[in-house]
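Single-structure report; data block below.
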Amino acid sequence: MNLPHWALCVSLSSVPLALHSVPAIHSDLGLLTRVPGSLGFGAGSRGLKVLGEVGCLPAHTRQDPNQRQAGRVCLGWVAWGRGVALHCPPASEASTVLSFQQLFWARQRVPGMVLKAFFPTCCASADSGLLVGRWVPEQSSAVVLAVVHFPFIPIQVKELLAQVQQASQVGVAVLGTWCHRQQEPEESLGHFLEGLGTIFSHEPWLQLCRERGSKSWSCKAIRQQVPVAPGVPSEDQVMLIFYDQRKVLLSQLHPPTVLPDHQAGDAVASSGGLAVVFDTVARSELLFHGDQYDEGPVRLSHWQSEGVEASVLGELAKRASGPVCLLLACLLSLVSAVSACWLWKLWPLPFIRSKLSTCEQLRHRLEHLTLVFSTQRAQSPTQLMSSNRIGQLADALVPVADHVAEELQHLLQWLMGAPAGLKMNRALDQVLGRFFLYHIHLWISYIHLMSPFIERILWHVGLSACLGLTVALSILSDIIALLTFHIYCFYVYGARLYCLKIYGLSSLWRLFRGKKWNVLRQRVDSCSYNLDQLFIGTLLFTILVFLLPTTALYYLVFTLLRLLVVTVQGLIHLLVDLINSLPLYSLGLRLCRPYRLAAGVKFRVLEHEAGRPLRLLMQINPLPYSHVVHTYRLPSCGCHPKHSWGSLCRKLFFGELIYPWRQRGDRQD
Amino acid sequence: MEDERSFSDICGGRLVLQRRYYSPFCREFCLTCPRLSLCSLTAVTCTVWLAAYGLFTLWENSMILSAAIFITLLGLLGYLHFVKIDQETLLIIDSLGIQMTSSYASGKESTTFIEMGNVKDVVINEAIYMQKVIYYLCILLKDPVEPHKISQVVPVFQSAKPRLDCLIEVYRSCQEILAHQKATSTSP
């Protein structure tokens, strides 16, 4: 058969409908066998609510005791204020979807079904009243949001709830009564509270009760419509879960479970029972605007009743932030306009700018500030503004440069001798060694020439260090690059020489074998050479081969030095990247307000007495720091070298130059 | 209702299992691990200090000895705060979920809560651990996309590592609650 079997009880609190075609309705819980086609029914639909797909648990059907099928709840109605009969056409059939104001699941009565009541801790000391919140039938849980105190006018309460429901798309309703009483139970209050059940009917009707000054609670959940024995309202077992409303309101669950799109009214949450609780509390902000001390028609108690939080400084800062933001935004746009001016585009300025990581960092910082205006600066750096400090630094720089140059000279003397016991070609050795020594001599003279001006330059450069630690680190990286410029030059000389030698060798080796490189076809072709070509080629080949060790050694030494400098610069860049992408706000939030970033919840069982309902305390489990950093990482500069290890080794072997400072958007040099 | 029984773990150490039945649908199992033994602590400290003294005789620098003391202290604090688990608790609440708490020796607690909607089953698995074959209790989680597949296996009592007799007790209690949960759940 293509219709699912199931039992469904529906109760409707409004106008009873007239049934047209009455299917087979059985008296015991509306056991339904087969209902043909679609049903028509009378008026009474007020507002549409789509329930979505739910699984149905069939009652014991006559034919298949254990058949279970999921069906789409399409329409239901009620006859004469109670009863059942519900029909669900197969899921594939497009169905007319109807809805009612309150449509509930009531399952087959299984003894021991537990109802979870989420109760805010702030309402535990509130006076007696009505419980207002949301009922989630799939998890059989009631989320209590506030308590409405006496005296109230039912119409006004209903109006307020309708208002909240419309604004927040959360099905807020009156769930039951709350009784906070003295030691002796007051009979009149008890009867009054029970009478309220008829005005605001809700299925199931919660009755929470607490004795003043003691920890004993009593809870009852009464179901009127589904009696186990006719005439006697049945009770469910209730489990109380306390939650801190303010923390749950402000908290954000990770990973955020995406709840299905909400059409008008209630929607079924297909997953994440606790996510529903968080979502409900977060969306019901409108309910928390009124308080029991306000003069409105309805007096509520919720987390704001403990005192609306505010601080004078906070309020002042909020008011002042608008104009201040505006002013700073104007200044920033001015600076951006100046930097985008055409003067900066004249060559060679763009070339220099692209090579200096300081400029890159400044640009990044400017972008950052313009985009996220209220972000704090990365770190307040130590201000090197006192001229004393700058002078000391300048005094220290020149001897350091001298020391580096001296070490290089020692290295070259060592190479010119017999380095590591290797025997070099005397002539070439002397030539290269003297060339590099002269270069160092020039460099030292240059440094000594510049030394009076270094202090001034450093002072002006140090001014920009107040833009953050990352800028200071970038300046450091640039200073290292400038101080080791001669090492870079040596590396380039050595690499070019070595590269030429290698190309020459490979070409002459091909000649030796009688082959040639075909540039047009990009491959090696055979070629017949003349005798004198072969003779000279072989001679040159021999010379190059015997001079290879010397050149290779110089190349090796200077490449290692260069790689060392590049490694140091790379580490500084990594550190700058790390600081830039560190989510300081999220880390601070995790440190100071851990409940805002929630990984989940944790439960604690409170004091339990036999015969009393079970009470649990639900607390927020904060996200671990590693997850905070991982989730909230800011996008980094992206200035990583694009080489793989293989291509790096290949370049080193063939003597091709390595450029480690590829920045985002740079073309190939 | 509360009771306490003594079991042993896979290495022979003594474990204490405390069971609390708060209600027919809420149960808690608390396994207490053996404490940090004085012997092992003394052994480690002596080793570190002997090594430091050896280095000191080599290099005649008294900083090595101070460094060794700092290392020992920091290492002990780090061990107590990040490694040594004192107690492992499993709290199972019908229709809400399963919660696992580990309390460290320094008082830190780390909690994980799994909702009942994600739990497929609780089983005892057999595993090969180094040269031993051991049993461990684990929770099977459902795949949200395909309810019949298992997306994750979460082992329980990983530090205490109790033996099969202890696991069977916990397993039976959990199965009672899960069976009740399945009988009363709405979705298949």
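The values are calculated or read from the model by the stated rules, or taken from the named source; none is laboratory data. These numbers come from a predicted model, not from an experiment. No Cβ is skipped: glycine too gets one built from the backbone with ideal geometry, and neighbour counts run over all protein chains shown.
Looking only at the stretch A:445-476, count how many residues are under 15 Å from A:A396 (Cα atoms) and either touching a residue at least 40 places away in the same chain (Cβ under 8 Å) or of a type outside the set (A, V, I, L, M) (or both).
Count: 11.
Select from the stretch A:408-433 the residues that are in a helix (DSSP H, G or I) and out of contact with any helix residue (DSSP H, G or I) (no Cβ under 8 Å at 6 or more places or on another chain) and write down the one among them that is surrounded by the fewest Cβ atoms within 10 Å (Cβ to Cβ).
The residue in question is A:G421.
Scan B:E2, B:E28 and give me the residue that is exposed (fewer than 11 other Cβ atoms within 10 Å of the Cβ) and within 14 Å of chain A (Cβ to nearest Cβ). Please lay out each step first, then the result.
Numbers: B:E28 fails: exposed (fewer than 11 other Cβ atoms within 10 Å of the Cβ).
Residue meeting the stated conditions: B:E2.
Please count how many residues of the stretch A:592-603 are surrounded by 15 or more Cβ atoms within 10 Å (Cβ to Cβ) and either assigned to a loop (DSSP other than H, G, I, E, B) or more than 10 Å from chain B (Cβ to nearest Cβ) (or both). Please lay out each step first, then the result.
So in the stretch A:592-603, the residues surrounded by 15 or more Cβ atoms within 10 Å (Cβ to Cβ) come out as A:594-603.
Those left that are additionally either assigned to a loop (DSSP other than H, G, I, E, B) or more than 10 Å from chain B (Cβ to nearest Cβ) (or both): A:594-598.
Adding up the residues that qualify gives 5.
Can you name the residue in the stretch A:609-657 that is among the aromatic types (F, W, Y) and loosely packed, with under 14 Cβ neighbours inside 10 Å and, of all such residues, is nearest to the other protein chains (Cβ to nearest Cβ)?
A:Y625
Out of (1) exposed (fewer than 14 other Cβ atoms within 10 Å of the Cβ); (2) of a type in the set (A, V, I, L, M); (3) under 26 Å from A:L556 (Cβ atoms), what's the single condition that is false for A:M450?
All conditions pass for A:M450, except number (3).
Which strands (runs of 3 or more DSSP E) sit wholly inside the stretch B:87-188 and have at least 2 residues that are surrounded by 15 or more Cβ atoms within 10 Å (Cβ to Cβ), at negative phi and basic (K, R)?
Because the criterion is at least 2 residues that are surrounded by 15 or more Cβ atoms within 10 Å (Cβ to Cβ), at negative phi and basic (K, R), no strands (runs of 3 or more DSSP E) in the stretch B:87-188 meet it.
Filter the stretch A:604-618 down to the residues that are assigned to a loop (DSSP other than H, G, I, E, B), touching a residue at least 60 places away in the same chain (Cβ under 8 Å) and touching a Ser or Thr at 6+ places or on another chain (Cβ under 9 Å) and list them by number.
Of everything in the stretch A:604-618, those that are assigned to a loop (DSSP other than H, G, I, E, B), touching a residue at least 60 places away in the same chain (Cβ under 8 Å) and touching a Ser or Thr at 6+ places or on another chain (Cβ under 9 Å) turn out to be A:E609, A:R612, A:P613.
Residues checked against (1) touching a helix residue (DSSP H, G or I) at 6+ places or on another chain (Cβ under 9 Å); (2) part of a strand (DSSP E or B):
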| site | (1), (2) |
| --- | --- |
| A:T550 | yes, no |
| A:T567 | no, no |
| A:H573 | yes, no |
| A:I579 | yes, no |
| A:R590 | yes, no |
| A:I620 | yes, yes |
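Find the residue count for the stretch A:464-492, including only residues that are surrounded by 20 or more Cβ atoms within 10 Å (Cβ to Cβ) and of a type in the set (F, W, Y).
Residues meeting the conditions: 2.
Under 6 Å by Cβ, and 6 or more places apart or on different chains, what pairs join a residue from the stretch A:560-575 that is closer than 11 Å to A:A481 by Cα with one that is hydroxyl-bearing (S, T, Y) and part of a helix (DSSP H, G or I)?
Pairs found: A:R562/A:Y491; A:Q569/A:S477.
Spot the failing condition for A:C325; the list is (1) modelled with pLDDT of 75 or more; (2) closer than 30 Å to A:V144 by Cβ, and only one is missed.
Status for A:C325: all satisfied but (2).
Name the pairs: first residue in the stretch B:123-151 and within 14 Å of another protein chain (Cβ to nearest Cβ) and without any contact (Cβ under 8 Å) to a residue 12 or more places away in the chain, second residue in a strand (DSSP E or B) and not charged (D, E, K, R), Cβ to Cβ under 6 Å, at least 6 apart or on different chains?
Once the first residue is within 14 Å of another protein chain (Cβ to nearest Cβ) and without any contact (Cβ under 8 Å) to a residue 12 or more places away in the chain and sits in the stretch B:123-151, its partners that are in a strand (DSSP E or B) and not charged (D, E, K, R) give B:D143/B:S151; B:S151/B:L141.
What is the number of the single condition among (1) more than 39 Å from the chain's Cα centre (by Cα); (2) crowded, with 20+ Cβ neighbours inside 10 Å; (3) modelled with pLDDT of 65 or more that A:V226 does not meet?
(3)
Let me spell it out: the conditions are (1) within 14 Å of another protein chain (Cβ to nearest Cβ); (2) more than 15 Å from the chain's Cα centre (by Cα); (3) among the β-branched types (V, I, T), and B:I98 meets all of them except one. Which number is the exception?
Just one mismatch for B:I98, condition (2).
Of these, A:L458, A:L449, which one is assigned to a helix (DSSP H, G or I) and modelled with pLDDT under 85?
Going through A:L458, A:L449 in turn, just one is assigned to a helix (DSSP H, G or I) and modelled with pLDDT under 85: A:L458.
Given the conditions (1) in contact with a helix residue (DSSP H, G or I) (Cβ under 9 Å, 6 or more places away or on another chain); (2) within 14 Å of another protein chain (Cβ to nearest Cβ), and given that A:L606 satisfies all but one, which numbered condition is not satisfied?
Just one mismatch for A:L606, condition (1).
Somewhere in the stretch B:6-18, is a residue within 14 Å of chain A (Cβ to nearest Cβ), in a strand (DSSP E or B) and within 16 Å of the chain's Cα centre (by Cα)?
Within the stretch B:6-18, one or more residues are within 14 Å of chain A (Cβ to nearest Cβ), in a strand (DSSP E or B) and within 16 Å of the chain's Cα centre (by Cα).
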